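What follows is a set of notes on a single structure, which appears directly below.
The values are calculated or read from the model by the stated rules, or taken from the named source; none is laboratory data. Treat the numbers as computed from the prediction; the structure is a model and nothing was measured. Cβ: placed from backbone, ideal geometry, glycine included. Neighbour counts: every protein chain shown. We work out accessible area using only protein heavy atoms, side chains counted, and drop any ligands, DNA or RNA first. Shrake-Rupley method; radii C 1.70, N 1.55, O 1.52, S 1.80 Å.
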Amino acid sequence: MEKTFDSKLPDTGTSIFAVMSGLARREGAINLSQGFPDFDIDPDLIDLVYKYMKKGYNQYAPMQGVPVLREAIARKIHRIYGRMPSADDEITVTAGATQALFNAITALVRPGDEVIVFEPAYDSYVPVIRLNGGVPVYVRLTKPDFRIDWARVEQLVNERTRLIIVNTPNNPGGYVFSDEDWQHLQRITARTGTLVLSDEVYEHIIFDGLQHRSLLNYPTLYARGIAVFSFGKTFHATGWKTGYTVAPPHLTAELRKVHQFNVFAVNTPVQYALAEYLEDPARYENLPDFYQEKRDYFINGLKGSRWKPVPTHGTYFIGLDYSDISPLDEFDFAVKLTREYKVASIPFSSFYHDGYNQHLLRFCFAKKRETLDKALAVLQKI
Ligand code: PMP
Ligand code: GLN
């Protein structure tokens, strides 16, 4: 008999984002599943990439990222979060936030280390923890507000807890960390020296006058933390897969040990283009208004329907509660909605290791008005 292959990730299937976008394509459905804009990026940014390609910037970039981009990132951070990281020793340009997360988890987590993961969680965290022999310790957050019970976290943190992963604004819960949340995290991790990985890819997609609070705002936490960002979210260019990490020098040195043998370096002309584009802060400062208008349009368009939106204060996602519509579980209902009604979404259950079901589907509203209108017309009839 043929021996079953001894997988390193026996419980991991294909990412739900690939599954649902694939199904949407095959079914000709409106794709509000995977998170990406369906509108064009700024043509000026395209011109800049072209300019640098024509200038001959087409060979390997330095391993840690081109200096002008790291310097532009340092200035942006100083402007927003009030600290000036060293472009040489604290900033590393990565192939999107996903690779940044891979670098960070791989550099930090050793076999047997516990890692606290709040669920719903972005789907790459746990497989990477497992690949490194780490043990995920889950904290389940639920609708409607996905708030963290820090007393529970305090009970879980012990000498084996190597890392806590946080994500604010939270995909898909829409929760945004308050100063109090960060203070709790600071206090709890100080006791054991636990490291913190802060996924802040939606730093500029935040609503209702809230301000994004970063790991970088908290010096004692930053001393044992890594923050992860993505240009894909900020400049509507998810396909460019460009992001970065910010971490103190001793952690950055460890991250780069992994980074150099993972991708080594990131797309050169895109890095030069982003460096120049970052000179005008208006290019990211207008994002809260831009996306809040879309969020509110989508919510208003659902009025009178049987869908119940869950509050979202950040990210370009919203959870819609369908408990008045169907008893099906989230995955089955998401598939039915895609096949029969031609609107694709993501089941919240895919962000929980145990498939926890709360009758919630996630919809991406980073779409043109006409796409939202088409989807709303369908959702209104269900
Ligand atoms: N973290 C979160 C919470 C995300 O939602 C995403 C992606 N959409 C990422 C990380 C990965 O970002 P990137 O596309 O830059 O790899
Ligand atoms: N982060 C995006 C989302 O949540 C998708 C990322 C991906 O496709 N891997 O939809």
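So here's what we get for this one:
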{"item": "Semi-axes of the equivalent ellipsoid for segment 1-146, Cα gyration tensor, largest first, Å", "result": "33, 25, 19"}
{"item": "As computed over the chain, the Cα convex hull volume per residue (Å³)", "result": "159 Å³"}
{"item": "Whole-Hz ³J(HN,Hα) from phi, Karplus 6.51 cos²θ - 1.76 cosθ + 1.60, for segment 239-248, glycine and proline x", "result": "x, 7, 6, 10, x, 6, 10, 10, 7, x"}
{"item": "q = 0.17, 0.22, 0.29 Å⁻¹, segment 326-382: log10 I(q)/I(0) [Debye, one scatterer per Cα]", "result": "-0.57, -0.87, -1.21"}
{"item": "Contour minus Cα-Cα distance for ALA223 and HIS250 (0.36 nm per residue)", "result": "8.8 nm"}
{"item": "Ranking by accessible area, most exposed first, for ILE80, ILE382 with a 1.4 Å probe", "result": "ILE80, ILE382"}
{"item": "In order through segment 275-291: 3J(HN,Hα) via Karplus (6.51 cos²θ - 1.76 cosθ + 1.60), integer Hz, x for Gly, Pro", "result": "4, 5, 5, 5, 4, 9, x, 4, 5, 10, 6, 8, 5, x, 5, 4, 7"}
{"item": "Sequence of HIS236, HIS250, HIS313 when ordered by accessible area, the most exposed leading, probe 1.4 angstrom", "result": "HIS250, HIS313, HIS236"}
{"item": "Rounded to whole Hz, the Karplus (6.51, -1.76, 1.60) HN-Hα couplings of segment 338-349, x for glycine and proline", "result": "6, 6, 8, 10, 6, 10, 9, 9, 10, x, 4, 4"}
{"item": "Share antiparallel - DSSP beta bridges, segment 184-246, percent rounded to 5", "result": "50 percent"}
{"item": "Estimated dipole of the chain in Debye, rounded to 20 [Cβ of Lys and Arg +1, of Asp and Glu -1, Cα centre]", "result": "420 debye"}
{"item": "Shape box of segment 167-317 [Cα atoms, principal axes, largest first, Å]", "result": "54, 44, 27"}
{"item": "Accessible area of ARG147 in the full protein assembly, 1.4 Å probe (Å², nearest 10)", "result": "140 Å²"}
{"item": "Gain in span if fully extended, ASP324 to LYS336, counting 0.36 nm per residue against the direct Cα distance", "result": "2.7 nm"}
{"item": "Largest to smallest accessible area among ARG187, ARG224 [probe 1.4 Å]", "result": "ARG187, ARG224"}
{"item": "Per-residue [θ]222 nm for the chain (sum of -39500 (n - 2.57) over DSSP H runs n ≥ 4, rounded to 500)", "result": "-11000 deg cm²/dmol"}
{"item": "Binned Cα-Cα distances of segment 97-171, short to long, each 5 Å bin given as a whole percent", "result": "3, 16, 28, 24, 18, 9, 1, 0"}
{"item": "ASN267 long-range amide H proximity, modeled H, under 5 Å", "result": "none"}
{"item": "Residue-span extension gain [ASP47 to TYR356] - 0.36 nm each, minus C-alpha spacing", "result": "106.7 nm"}
{"item": "Surface accessible to a 1.4 Å probe, LEU328 within the full protein complex, Å²", "result": "60 Å²"}
{"item": "Per residue accessible area of the chain, 1.4 Å probe, in Å²", "result": "43 Å²"}
{"item": "Amide proton proximity set for ILE30, modelled H, under 5 Å, gap of 5+", "result": "VAL343, ALA344"}
{"item": "For VAL263, solvent-accessible area (1.4 Å; no DNA, RNA or ligand), Å²", "result": "60 Å²"}
{"item": "Rounded to the nearest 20 debye, dipole of segment 32-126 from Cβ charges on Lys, Arg, Asp, Glu", "result": "480 debye"}
{"item": "Anisotropy class of segment 263-303 from Cα gyration tensor, a/c 1.5 cut", "result": "oblate"}
{"item": "Amide H partners (placed H, <5 Å) of GLY243, local residues excluded", "result": "THR94, ALA95, GLY96, PHE231"}
{"item": "Paramagnetic reach from GLN380 (point 7 Å along Cα→Cβ, amide N under 16 Å) across segment 268-307", "result": "297-307"}
